[in-house]
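Enquirer: Here it is, the structure, as structure tokens.
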Amino acid sequence: MSPNEAKPERSAGPAGAEDYLSIQNVRKEFDGFVAVDDVNLQIRKGEIFALLGGSGSGKSTLLRCLAGFEQPTKGRIVLDGQVMNELPPYERPINMMFQSYALFPHMTVEQNIAFGLKQDGLARDAVRRRVGEMLELVQLGKLGKRKPHQLSGGQQQRVALARSLAKGPKLLLLDEPMGALDKKLRSKMQLELVNIIETTGVTCVMVTHDQEEAMTMASRIALMDQGWIQQVGKPDDIYEQPANRFAAEFIGSVNLIDGVIDEDLPEYVTLRTEVLPVPIYVGHGITGFEGQQVSFAVRPEKLAIGKQDPAQPYNKARGTIEDIAYFGSHSVYHVRLPGGFKLMANFTNQQRWASESMTWGDEVWVSWGDADGVVLTS
């Protein structure tokens, strides 16, 4: 090796359960455009982890860096103590299942699953045994002789998953795993895939733009926007405690009310707003200061709606029902306040035609409790 040649990076040592996959200060640029910007993530062994975001958020570029299809401009990717940066895709202990499944149309199900094993030179008996194990795992034991075009979309997906798992990868990557399925099948396959992946114990990173998919399948989620990680957490944490306005708006529906901190005490906080006639009262302290501009986020299902004035001096408003969206199990009421601001409130339909008790044009009250919303400082 010449003095000017870079020395190969040494292993970071055996990884613990908490940092099995370590993404360290990863940045990826394309001709001056920053697609991934200084991302740091620690992913646990055996975890199903979702990269969630809209188009252009950087999630797919980060996944391609993990797979080795793209080389990070800066930073390191360490899997089970081994630095991945300089390894080509075929040398990484990583397999990827593509949205299109990429099955070989001229091969049978068995041959598709066996392809990678044969490429690695595995003995014929070992290949046959492993293919049988994978067929049983994905519950396709009787369909091994069929070609991909003879299978349903869900069956094709399971074949692609079996092929990805056949070599026993340390990391499984899923690229929009439900993108090719219709909504009804998608809901069914989400749970099936989770069960299969958890049975094998493989660590999994999935990319999706579908918040419902991420919330259903992942044990933790990294919410991405413009190359940045906006928030990392369990699905319920991100939903109930969004870190900022972007997180609140991206996950689910939300009412966002701009205001100013009026009182900031360890036990409670009150906010002044231009759209509500009474203060917003939050039953816990926050990291803020009096006079600070903030936003208050409260989910539609946290709001109570009715024709009687709630017996509370705060967290309420009177308005007119302007629109009703019926979803079977519940209806969403869009209530216009006197100043023109709109609030959304969910109403559970516990009986048929329950919405007839409140209809378009009715004057109603909306209200919520002191622990039902979140103060956002960014």
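Enquirer: State the Cα centre-to-centre distance between region 123-176 and region 302-378 in whole Å.
Expert: 49 Å
Enquirer: Same structure again: Here are labelled values, [x] 36, 23, 21; [y] 47, 28, 15; [z] 42, 21, 18, and one is the computed semi-axes √(5λ) of the Cα gyration tensor in Å for what I pasted. Which one?
Expert: [y]
Enquirer: Once the convex hull of the alpha carbons of region 17-240 is built, what does its volume come to per residue, in cubic angstrom?
Expert: Values: hull volume 28.1 nm³, N = 224.
That works out to 125 Å³ per residue.
Enquirer: Give the relative contact order (percent, whole number) for the chain; include only Cα pairs under 8 Å separated by 6+ residues.
Expert: It rounds to 14 percent for the chain.
Enquirer: Same structure, new question: When the C-alpha atoms of region 253-376 are aligned to their principal axes, what extent does each axis show, in angstrom, from largest down?
Expert: Ordered largest first, region 253-376 gives principal extents of 47, 26, 25 Å.
Enquirer: So, by mean Cβ neighbours within 10 angstrom, what's the order for 158-167, 217-226, 294-303, 266-275 with the highest one leading?
Expert: 158-167, 217-226, 294-303, 266-275
Enquirer: By per-residue mean of other Cβ atoms within 10 Å, what is the highest-first order of 279-288, 123-132?
Expert: Final packing ranking: 279-288, 123-132.
Enquirer: Through the Karplus equation 6.51 cos²θ - 1.76 cosθ + 1.60, θ set to phi - 60°, convert the phi angles of region 45-57 into ³J(HN,Hα) values in whole Hz; use x for Gly and Pro.
Expert: Working through the residues one at a time gives 5, x, 8, 9, 10, 10, 9, 10, x, x, 4, x, 7 Hz.
Enquirer: Longer than 31 Å from Cα to Cα, which of Lys145/Lys184; Lys45/Lys74; Lys74/Lys118 are they? Say none if no pair is.
Expert: Lys74/Lys118
Enquirer: Based on the mean of other Cβ atoms within 10 Å per residue, sort peptides 360-369, 19-28 so the most packed one is first.
Expert: Averaged packing, sorted descending, gives the order 19-28, 360-369.
Enquirer: Let me ask something else. Check which residues have an amide H placed less than 5 Å from Asp258's amide H, if you skip close sequence neighbours.
Expert: Phe296
We did not get these values from a lab; they are worked out from the coordinates using the rules stated. Predicted model, so just to flag it, every value in this text is computed and none were measured. Backbone-built Cβ (ideal geometry, glycine too); neighbour counts: all protein chains shown.
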